[in-house]
Amino acid sequence: MTTLTKVSVPIQAARRAPQPATQQRNDRIRVAVLGCGQIADAHLSQLQRIRCADVVGVCDAHEDLAYQAAARFGVSQYTHLDALLSEARPDVVHIATPAHTHAQLAMQLLQAGCHVYVEKPFTLDVHEADAVLRVASETGLQVCVGHDQLFDPMWLRARRMVEAGAIGKVRHVESILGYPLDGKFGALVANDPNHWVRRLPGGLFQNTISHPLYRITDFLADEEPVLVGNWLRRGDFDFPTELHMALEGAEVSGSLTFSTRIPPQRITQIYGSTGTLWIDFDGQVIRRMARPRMPGAFAKLEMPLRHFTESCGNLTRNLWRFACGEIHYFAGMKNLFEAFYQSILTGSAPPVPVAEMRRVTSLMDQLFAHCRAQEKGGRA
Amino acid sequence: MSQPRRVCVTGATGFLGRRLVSRLLNEPELQVRCLLRATSDAESLLRGLPLEQQQRIEILRGELHDAAFLAEALVDCEVVYHGAAALGGSASTLFLNTVIPTRQLLTASAEAGVSRFVLVSSLGVYGTRELRRWQQVDESAPLDPQPELRDPYTFSKVRQELVAREMCAQLGLPLVVVRPGVIYGEGRSLLTSRVGLQVGPLLVRMGGRHPLPYTYVENCAEGLKLAGLVPGVDGETFNLVDDDPVTGHQLVRFLRRQGQRIRSVWVPGFCIQPLSWLYSTYAKWTEGQLPPVITPYRSAAIWKPLRYCNSYAKHKLNWVQPISTEQALERTIVG
């Protein structure tokens, strides 16, 4: 069964003039969610936690999907985009539809006067990204892409540690994404030959590798780093399932591994000149590793002791967060939503810079082109 | 309605579907057309069947959202057994893979002139909150008025049944709804959420004195078969649960006697509602740090002591439980 959540209804509602940030109604934001698939649940549950956001409607071309989301989250449901815009009048629309619909919908919504939050991947390619960003610039409205793991409490903490010099100068970033095909999401793609994800230019990877990739580019200053990559098919699967990528910048390098062989996991290691940070998003754990200071055999005692101390710190921190009710899988998403809404309300810089949305999309284009060339036995 | 010549089955490679196909093939001169997805294992259907029965199976591969495929697949089918449904995942996944294909199949069935549409619903669709403890639940009990407060699977099954009733009335398609209890059998654990919650290696047993609305898969398949073939039951609804239901306590004792090691803690029945309230209050206070899997509403629906009634299926379908509960439990353990 395909999981295509199609929303391609032409907008007939009167085009609204974009509201400058200073004219937004009070300090509240009217939010609508377009597309009621799995990720929409995460959006709606995090939106409920944001005080300045009023969810004014959900919309999906399938009335049953719109119904289930509306019923569970207690909001209005729509099956036509024009009705959503004219009746609910959202300030911001979150696009949570399949990736191949993102660009067209984003442009339609911008032209209708809405700020737009786009789930990852931003668009299918950099040409679409440019078109969306051009319309955003013309309309004076804001666009944000779902690079939410950059706003996860663990990543924010890692960032602070790096900035405080905990590992010296960053030299290399390694990102790993475990995505088993018998898992909750992978099985949907693996079991359906017509699944929309399989039809994306970058296939399974296009819908998944934004997260590990932007965790690398967050430390990579280069606009166009040297890039090599390859994808492989595992077992009997008739689509590429494994991906390896290396990035070489002037000062920082990166490597990305996407594997369907390993359990679900989101891990990044940041290697610095004096130490390494190991960040586990699922376990909400950060470990700092550095070369031992003690000589010879004493070092063999020092290292486990340091690991023990790190573990105690992580346990204490997570116990406290648990007691305060602060452990949420999509905490980064909430933080990003809030930052985006604040940028709309105050007119400040968007939380994910426009250049970064474009760069990540462009790198993915290059990677998939490289992989396709490798697959054909040629050279990129 | 005379005995149909060709019936169509969706979900034919599923736990219940395989048994249904096998029982349908026991009816002489009945052609059984199975609609399978591209990735479904057709071998499991044919394995062990006599050649004569294998020749009466047709396997068509396609997707239930494909109208062209359905138009072709339903030609000359007199009865459609619709058992295909998603069993797990988020609410959106369940709706996408259960409710939406049901709409498409109903439309195609009406267009193909199908004489009867048999929907495999669930005993979970009843709204049990308003019922008294130990009340008998027959087919006249109302559907859950707030299914969105239940688990995603039940939510999708309530919606599926409502959609089927509404569309069949509009399309003039004769509908029979079958509501099986918890289906068990070889290869499936007997310790379901009706007994308690599995928290890591620990089973948290909830209550334990209420009869479990279970049905052995072969017994259920027999009732389902009859719902499609017995004349004069169009528009009817049937509960399918086995006689002599065991309680949670009895089931755990039985499994332990059979040598299974079950690590469990017991929550007495009178504690379920207060603990559910406590849990859901904490989940709300933490804005979802713990998922709201236990709420007073859900707890009442799953663990309230009720007696589910199967007499209507016995009366109208002449359904007789082919395998006793005792035998069924033993077979499940051995299998």
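The values are calculated or read from the model by the stated rules, or taken from the named source; none is laboratory data. None of these values were measured; they are calculated from a predicted model. Note: ideal-geometry Cβ built from the backbone for every residue, glycine included; neighbour counts use all protein chains shown. Surface accessibility is based on the protein's heavy atoms, side chains included, excluding ligands, DNA and RNA. Shrake-Rupley method; radii C 1.70, N 1.55, O 1.52, S 1.80 Å.
Highest mobility in the GNM of chain A, judged by mean-square fluctuation with C-alpha springs under 10 Å and restricted to A:Ala53, A:Ala349, A:Ala88, is found for A:Ala349. The 3J(HN,Hα) values that the Karplus relation (6.51, -1.76, 1.60; θ = phi - 60°) gives for the stretch B:311-321 are, in residue order, 5, 5, 5, 5, 6, 8, 9, 6, 6, 10, 4 Hz. Gly and Pro appear as x. Relative to the longest principal axis of the Cα atoms of chain B, the long axis of helix B:269-285 lies at roughly 90 degrees. Here the stretch A:37-120 is treated as a sphere whose radius is the Kirkwood value from Cα pairs; by Stokes-Einstein at 37 °C and 0.692 mPa s it diffuses with a coefficient of 254 µm²/s. Note that the stretch A:188-194 has calculated 3J(HN,Hα) couplings of 4, 6, 5, 8, 10, x, 9 Hz, one per residue in order, obtained from phi through the Karplus relation 6.51 cos²θ - 1.76 cosθ + 1.60 (θ = phi - 60°); glycine and proline are x. With coordinates expressed along the principal axes, the C-alpha atoms belonging to the stretch A:283-332 extend over 44, 19, 12 Å, beginning with the largest.
With the full set of protein chains in place, find how many percent of the accessible area of chain B is carbon and sulfur; take the probe as 1.4 Å.
52
Percent of C-alpha pairs per 5 Å bin in the stretch A:235-300, short distances first: 4, 12, 15, 17, 18, 13, 11, 6, 2, 1, 1.
Give me the Å³ per residue figure for the convex hull around the C-alpha atoms of the stretch B:1-118.
Cα convex hull per residue, to the nearest whole number: 96 Å³.
Measuring between alpha carbons in the structure, the pairs from B:Lys157/B:Lys225; A:Lys184/B:Lys304; A:Lys334/B:Lys157; A:Lys169/A:Lys300; A:Lys184/B:Lys157 lying more than 23 angstrom apart are A:Lys184/B:Lys304; A:Lys334/B:Lys157; A:Lys169/A:Lys300.
Taking amide H as placed 1.01 Å from N in the peptide plane, the amide H of B:Leu240 sits under 5 Å from that of B:Arg179, B:Gly181, each at least 5 places away or on another chain. Comparing A:Leu188, A:Leu247, A:Ser76 along the charge dipole axis of chain A, the residue lying farthest to the positive side is A:Leu247, per the Cβ-charge model.
Which distance in Å, rounded to a whole number, links the C-alpha centroids of the stretch A:262-311 and the stretch B:218-257? Centre-to-centre (Cα) distance: 56 Å.
Against the main long axis of the alpha-carbon atoms of chain B, helix B:248-257 sits at an angle near 90°.
For the pair the stretch B:74-118 and the stretch A:84-129, the centres of their Cα atoms are 32 angstrom apart.
Can you tell me the mean projection area, over all orientations, of the convex hull of the stretch A:250-353's alpha carbons? Units nm², please.
With the hull built on Cα positions only, its mean projection is 10.7 nm².
Heavy-atom accessible surface of the protein assembly as shown, averaged per residue, reaches 43 Å², computed with a 1.4 Å probe. In the assembled protein chains, A:Asp218 presents an accessible area of approximately 50 Å² (probe radius 1.4 Å). Computed over Cα pairs, the Kirkwood radius of the stretch A:146-262 leads via Stokes-Einstein (1.306 mPa s, 10 °C) to a diffusion coefficient of 102 µm² per second. Seen from a random direction on average, the alpha-carbon convex hull of the stretch A:125-183 projects onto 7.3 square nanometres.
If you take the accessible area of B alone, add that of A alone, and subtract the area of the pair, what total do you get in Å², probe 1.4 Å, to the nearest 100?
2400
In this structure, A:Ala187 and A:Lys300 have a Cβ-Cβ separation that, at R0 = 41 Å, corresponds to a calculated FRET efficiency of about 0.40. A convex hull fitted to the Cα coordinates of the stretch B:180-284 yields 149 cubic angstrom per residue. Volume per residue of the convex hull around the Cα atoms, evaluated for chain B, comes out as 140 Å³. For chain B, the 222 nm mean residue ellipticity estimated from helices alone, with every DSSP H stretch of n ≥ 4 adding -39500 (n - 2.57) and the total spread over all residues, rounds to -11000 deg cm²/dmol.
Extent along the principal axes, Cα only, for chain A: 75, 52, 37 Å, with the longest axis given first.
By how many degrees, 0 to 90 and rounded to 10, does the Cα axis of helix B:152-171 deviate from the longest principal axis of chain B? Its long axis makes an angle of about 40 degrees.
When a 1.4 Å probe is rolled over the protein heavy atoms, the share of accessible surface on chain A that falls to carbon and sulfur comes to 54 percent. Within the listed set B:Val120, B:Val158, B:Val199, the Gaussian network model of chain B (springs between alpha-carbon atoms below 10 Å) gives the highest mean-square fluctuation for B:Val199.
Cα centroid separation, the stretch A:217-254 to the stretch B:287-335: 50 Å.
Would you kindly state how much longer the chain becomes between B:Leu46 and B:Cys271 on full extension, computed as 0.36 nm times their sequence separation minus their alpha carbon distance, in nm to one decimal? Each step should come with its number before you reach the end.
Numbers: separation 225, 0.36 × 225 = 81.00 nm, distance 4.88 nm.
Taking 0.36 nm per residue and subtracting the Cα distance, the gain is 76.1 nm.
So, R0 is 35 Å and r is the distance between the beta-carbons of B:Arg209 and B:Thr286; what FRET efficiency does that work out to, to 0.05?
0.60
Ranking B:Glu330, B:Glu166, B:Glu78 from most to least accessible surface, computed with a 1.4 Å probe over the protein chains only, gives B:Glu166, B:Glu330, B:Glu78. The 1.4 Å probe gives accessible areas that order B:Ile333, A:Ile344, largest first, as B:Ile333, A:Ile344. Residues whose amide H falls under 5 Å from that of B:Val204, counting only those 5 or more places apart or on a different chain, are B:Leu197, B:Gln198, B:Val199, B:Val265, with hydrogens built in the peptide plane. A simple charge model with +1 on the Cβ of Lys and Arg, -1 on the Cβ of Asp and Glu and nothing else charged puts the dipole of the protein assembly as shown at about 2200 debye relative to its Cα centre. Each Lys and Arg Cβ is given +1 and each Asp and Glu Cβ -1; about its Cα centre, chain A then shows a dipole of about 940 debye. Dipole orientation for the protein assembly as shown: of the candidates A:Gly332, B:Leu226, B:Trp266, B:Trp266 has the Cα lying most toward the positive pole (charges on Cβ; Lys, Arg +1; Asp, Glu -1). Given +1 at the Cβ of Lys and Arg, -1 at the Cβ of Asp and Glu and no other charges, the dipole of the stretch B:266-332 around its Cα centre is 280 debye to the nearest 20. For the protein assembly as shown, the Kirkwood radius over C-alpha pairs fed into Stokes-Einstein at 37 °C and 0.692 mPa s yields D = 116 µm² per second. Computed over chain A with a Gaussian network model linking Cα atoms closer than 10 Å, the most mobile of A:Met357, A:Met161, A:Met294 is A:Met294. Backbone phi angles across the stretch A:268-275, fed through the Karplus curve with coefficients 6.51, -1.76 and 1.60 (θ = phi - 60°), yield HN-Hα couplings of 10, 10, 10, 9, x, 6, 10, x Hz in residue order; Gly and Pro are listed as x.
Between A:Ala299, A:Ser311, A:Phe258, whose Cα lies farthest towards the positive end of the dipole of the stretch A:238-317 when Lys and Arg beta carbons carry +1 and Asp and Glu beta carbons carry -1, centred on the Cα centre? Of the candidates, A:Ala299 comes out farthest on the positive side.
Solvent-accessible area of B:Cys34, all protein chains in place: 0 Å² (probe radius 1.4 Å, heavy atoms, ligands and nucleic acids excluded).
Put simply, the amide H of B:Leu175, placed in the peptide plane, has neighbours under 5 Å in B:Phe117, B:Gly235, leaving out anything fewer than 5 places away on its chain. In the distance distribution for the stretch A:98-163, Cα-Cα pairs more than 13 Å apart total 64 percent.
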